[in-house]
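Following: one structure in structure tokens, then a few remarks.
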Amino acid sequence: MHAPLITVIALCYNHAGFLVECLDSIAAQTHADFQLIVTDDASKDNSATLIEQWLAAHRPDATFIRHERNRGICTTLNEALAEAKGQYISMIATDDRWTPDKLGTQLLFALAQAPDAAVIYSDAEIMNEQGQCLGRRFIADHRPELAPPSGNIFSALVDGNFMPAMATLIRLDALRQVGGYDESLSYEDYDMWLRLSGAGHSFAYCPQVLAHYRTVSTSMTNSLFIRPTAAHSRTVIEIHNRWFDSGLLSGPQARKFGAKISDAAYNLFVLDDPQAARYLRLAARCAKSPRIFTLACAATLGIKRTQAAGFMKKLGLRSD
């Protein structure tokens, strides 16, 4: 049987208001020869029904992975990768959309690259909830000082994630070589970019705007900046701790990673997470901060943050 070069994976969770627009942008691709896998991770709205209706009308050959209970994006992606037949993977959340030439442009670009190019990435226009473009670009929004790099970009990624996941094309064999997505994490992209680049895979920047990234007031990303969950904080720690002792970080990068670990561990302490003490001890090793060391001791002894505050004040240490 014919195997297309690209597998498209569309990921849905409570995107009923946007997903048809996204799926229509997939169907409108000028490069139309691709395998389509659509997932729904137990949406609480009518997303799954809308997906079934759209697939029946437009792509009855597509694979639909529908969860009855929420399993998380990393598990969902690994399921989809197990079904993938293409040499390249292109993923999109169903609240975003592509330009019609996204797949064709990146495929031609990928085929012209050296064999070690695992990820082709482009830029994305930022749009609001209503789909109106805001005159901003994804990469510049995340790293305004950065000229998008190609080749070995590990150090650039260590300095901060700037990759628009919806505007990438990734070699499937590279994803499999690094072991797929880590299902213990609550989000997937930054960890994967670091693991791919850290394993020596090169990235290539395709200088076009090929996607639209939607900012939604109730999105997981926006919510996490306001009130990080315990799962998000544990993921931050695991991602940054993975590289802390790798020998690949500069002194300033290691200090930055230590601070990230410390902030996330402190948030677990605030949330009374049962793993807070373990993570604070890890943070104390990474950051070498008297404040974090004291908090680690308090958490290990079962002392709550509110109880520890007075003692830390006497020591001249802030508890927040």
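The values are calculated or read from the model by the stated rules, or taken from the named source; none is laboratory data. The shown structure was predicted, so the numbers you read here are calculated from the model rather than taken from an experiment. Please note: Cβ atoms are built from the backbone with ideal geometry, for glycine as well, and neighbour counts cover all protein chains shown.
Taking residues in region 245-267 that are assigned to a loop (DSSP other than H, G, I, E, B), and partners anywhere that are of a type in the set (A, V, I, L, M, F, W, C), the pairs with Cβ atoms closer than 8 Å and at least 6 places apart or on different chains are LEU248/PHE154; LEU248/VAL158; LEU249/VAL158; LEU249/TRP243; LEU249/PHE257. Scanning region 101-123 for residues that are acidic (Asp, Glu) and farther than 18 Å from GLY200 by Cβ yields ASP101, ASP123. Taking PHE257 as the residue in question, decide whether it is modelled with pLDDT under 95 and of a type in the set (Phe, Trp, Tyr). For PHE257, the condition - modelled with pLDDT under 95 and of a type in the set (Phe, Trp, Tyr) - is not met.
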